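What follows is a short report on a single structure.
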There are 2 protein chains.
Amino acid sequence: MAMGRPRCFDAEKALDEAMEVFWRHGYEGATIAQLTEAMGINPPSLYAAFGSKEGLLRAALDRYTAKRGAFLTETLCAPTARVVAERLLMGIAEAQTDPSHPPGCLLVQGGLACGSGSENVPFELASRRAETEHRLRQRFERAKAEGDLTATADPAALARYLSAVIVGMSVMASSGAGREELREVARLSLKAFEQQAETVTKASASTPIVALIQP
Amino acid sequence: MAMGRPRCFDAEKALDEAMEVFWRHGYEGATIAQLTEAMGINPPSLYAAFGSKEGLLRAALDRYTAKRGAFLTETLCAPTARVVAERLLMGIAEAQTDPSHPPGCLLVQGGLACGSGSENVPFELASRRAETEHRLRQRFERAKAEGDLTATADPAALARYLSAVIVGMSVMASSGAGREELREVARLSLKAFEQQAETVTKASASTPIVALIQP
DNA sequence: CTACATCTGTAGTGAGCACTACAGTTATGG
DNA sequence: CCATAACTGTAGTGCTCACTACAGATGTAG
């Protein structure tokens, strides 16, 4: 039958604005009034489109993790675990101090603790952070199988370690640390990989992808 | 003249309870109703003693940092920078998974982002975290002077790195990581110190405190 | 014992919160 | 061109929040 009046706002642009508000003020600190103003809509439109404040957060998180996930996917293509870690940490040092966004990471700034009634918000954020750790672990398991990590290396522990450092960098950024300070943390963190990696020659021997394509 | 009716509750015990509530729910997530119930008092007593919710937080933070500061002071007495870092990280892995308290660190769980009107809370927490970093840096500067860190080591960067890892461990703990997982992160973090430390013999040569006391 | 200073418990206060009822608007289907 | 379906803006809803007025309680000083 009839199809009704179409939506007057761009949902993706509105989500980007909502994302910024949650990022800057956290889930509990963000008010519907702030959100609707930033999104340029009125409360009923928000609730029609996203159901609730928590639904809006989830939609914003989906958008956020899609972007960050793409960066991670690209990073995981690096030839060795060591290079994966380096590009990841350096990229994150840059992203978390990008002046066009609030500092730090939405998955951390969103909220680690919440009042009664929103206990699942920290849980939701934690499970999204765990996704990154999971993909890192898989990549390091592959690296171990390919020999660019030693046989004694623990891929799960390395992934957990990197995740912890990333979260630490995020908090540092949110409390005012600059890009170069984050890079220094990243550089020191990478030292943990230096003992776990096979020699450079052996590592480069296990990276024949380019060599195969360009013989 | 007259001295008035004395206080009926133990302010320090009440502060301990308030600390737990802020720790578990964050500053914004904690309500006056929860706080007064946990403290076993009524709102007027709370406001008479601490002035405001933010004043109560500050008093709770004072108590928290006093305890943690004592642990840090003790840890900084370790003979070398490497041992300082090891004892600190291992002690923190234990403290942050102590089942008699909420997981993680109050200075992180308290809130990284806040709604308009409490913007100074994240700032207050950050400046208290910075205090630990500052004391670590001073200790590493001493270590460099004493020669148990190499001449090329950067004490400020090492302190910042450790602070970042500690924060990362705190967030991990608050999202459910166990003690052994935190210890693994700590062990990997310490690898950053292995290149910065002089040889073991040289390091032990610069630890004559015990030798002097017990010749 | 009386006067006074401070605390305690009851019972609120206005403000701000997430969320929504409703009437008006703008599209499509027939 | 009319009926219908979905969205929009106004103006609220009840609820919870941090905070407090006030009266009664309980101590000390003289």
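The values are calculated or read from the model by the stated rules, or taken from the named source; none is laboratory data. Predicted model only: the values in this text are computed from it and were never measured. When we count neighbours, we look across all protein chains shown, and the Cβ atoms used for this are built from the backbone with ideal geometry, even at glycine. Quick note on the areas: whole protein, heavy atoms, side chains included, nothing else; ligands and nucleic acids left out. Shrake-Rupley method; radii C 1.70, N 1.55, O 1.52, S 1.80 Å.
Please work out the ratio of the alpha-carbon Rg of chain A to 2.2 N^0.38 Å and round it to two decimals.
Details: Rg = 20.4 Å, N = 215, 2.2 N^0.38 = 16.9 Å.
Chain A yields a ratio of 1.20.
Pop a pseudo-label 7 angstrom from the Cα along the beta-carbon direction at both B:ALA33 and A:ARG58 and give the gap in nm to one decimal.
2.6 nm
In terms of modelled amide H atoms, which long-range or inter-chain residues lie less than 5 Å from the amide H of A:LEU149?
So A:LEU149 has HN proximity to A:LYS144, A:GLU198.
Pick from B:ALA151, B:ALA126, B:ALA159: which is most flexible by mean-square fluctuation in a GNM of chain B where alpha carbon atoms under 10 Å apart are linked?
Highest fluctuation among the options: B:ALA151.
For chain B, what's the relative contact order in percent, using C-alpha pairs closer than 8 Å and at least 6 residues apart?
On the way: 210 pairs, mean separation 47.8, N = 215.
Answer for chain B is 22 percent.
Give the Rg/Rh ratio for the protein assembly as shown, taking Rg as the radius of gyration of the Cα atoms and Rh as the Kirkwood radius, to two decimals. Mind showing how you got there, number by number?
Details: Rg = 24.1 Å, Rh = 23.5 Å.
Result for the protein assembly as shown is an Rg/Rh of 1.03.
Using helices alone, what [θ] at 222 nm do you get for chain B, with -39,500 (n - 2.57) per DSSP H run of 4 or more residues, divided over all residues and rounded to the nearest 500? Could you put the intermediate results ahead of the total?
Working: 11 runs with 151 residues, N = 215.
Here the helix-only value at 222 nm equals -22500 deg cm²/dmol.
Take the rotation relating chain A to chain B, measure from its axis to every Cβ in chain A, and name the nearest residue with the distance in whole Å.
A:GLY168, 2
How much length, in nm to one decimal, is gained on full extension between B:GLU94 and B:GLU74, taken as 0.36 nm per residue of separation minus their Cα-Cα distance? Mind dumping the intermediate values first?
On the way: separation 20, 0.36 × 20 = 7.20 nm, distance 1.56 nm.
Separation in residues times 0.36 nm, less the Cα-Cα distance, equals 5.6 nm.
Using a 10 Å cut-off on Cβ to Cβ distances, tally the other chain neighbours for every residue of A:100-108 and report the average as a whole number. Numbers along the way, then the final one.
Values: counts 0, 0, 1, 0, 2, 0, 1, 1, 6.
Across the residues of A:100-108, the mean count of other-chain Cβ atoms within 10 Å is 1.
Total Lys pairs in chain A closer than 30 Å by alpha-carbon, pairs eight or more apart in sequence or interchain only? The partial results should precede the final answer.
Numbers: A:LYS13/A:LYS53; A:LYS13/A:LYS67; A:LYS53/A:LYS67; A:LYS67/A:LYS144; A:LYS67/A:LYS191; A:LYS144/A:LYS191; A:LYS144/A:LYS202; A:LYS191/A:LYS202.
Here the count comes out as 8.
Among A:139-149, B:72-82, B:43-53, how do they line up by average Cβ neighbours within 10 Å per residue, starting with the highest? Let's see the in-between values first.
On the way: A:139-149: 19.7, B:72-82: 17.6, B:43-53: 14.9.
Most protected by this proxy first, the peptides run A:139-149, B:72-82, B:43-53.
Can you pull the mean other chain C-beta count within 10 Å for peptide B:120-128?
2
Would you mind listing the distances between the A:GLU54 label point and the same position in each other copy? Use 7 Å along Cα-to-C-beta, nm, one decimal, shortest first.
Those label-point separations list as 3.0 nm.
Roughly what % of Cα-Cα distances in the range A:99-165 sit above 20 Å, to the whole percent?
Values: 1001 of 2211 pairs.
Result: 45 percent of Cα pairs exceed 20 Å.
Take peptide B:81-90, look around each residue's Cβ out to 10 angstrom, count Cβ atoms belonging to other protein chains, and average those counts.
Working: counts 0, 0, 0, 0, 0, 0, 0, 0, 0, 0.
Mean partner shielding for this stretch: 0.
For the protein assembly as shown, report the accessible area per residue in Å² (1.4 Å probe, heavy atoms, rounded to an integer). Please report the intermediate quantities before stating the final value.
On the way: 20200 Å² over 430 residues.
It amounts to 47 Å² per residue over the protein assembly as shown.
Which value, in square angstrom to the nearest 100, describes the accessible area buried between chains B and A on both sides, using a 1.4 angstrom probe? Mind showing how you got there, number by number?
On the way: alone 11610 and 11610 Å², together 20200 Å².
Accessible area lost upon association: around 3000 Å².
What is the distance in Å between the Cα centres of the range A:25-88 and the range A:122-171?
Value for the Cα centre distance between the two parts: 21 Å.
Be a star and scan the range A:51-88 for residues whose amide nitrogen sits under 19 Å from the point 7 Å along the Cα-to-Cβ vector of A:ASN42.
The answer is A:51-53, whose backbone nitrogens lie closer than 19 Å to the label point.
Report, in order of residue number, the helices in chain B meeting two criteria: a C-alpha extent of 18 Å or more along the helix axis, and a mean Kyte-Doolittle hydropathy of at least 0.5; treat each whole DSSP H run as one helix.
Numbers: long enough: B:11-29 (22 Å, -0.74); B:53-75 (33 Å, -0.47); B:81-95 (21 Å, 0.88); B:120-146 (39 Å, -1.37); B:155-174 (29 Å, 1.36); B:179-194 (23 Å, -0.64).
Sorted by number, the helices that extend far enough and score high enough are B:81-95, B:155-174.
Could you list which residues have their amide H under 5 Å from that of B:GLY115, counting only those 5 or more apart in sequence or on another chain, with H placed in the peptide plane?
A:GLY29
Measuring from a point 7 Å past the Cα of B:LYS67 along Cα-to-C-beta, which residues in the range B:1-40 have an amide N at less than 13 Å?
B:12-24
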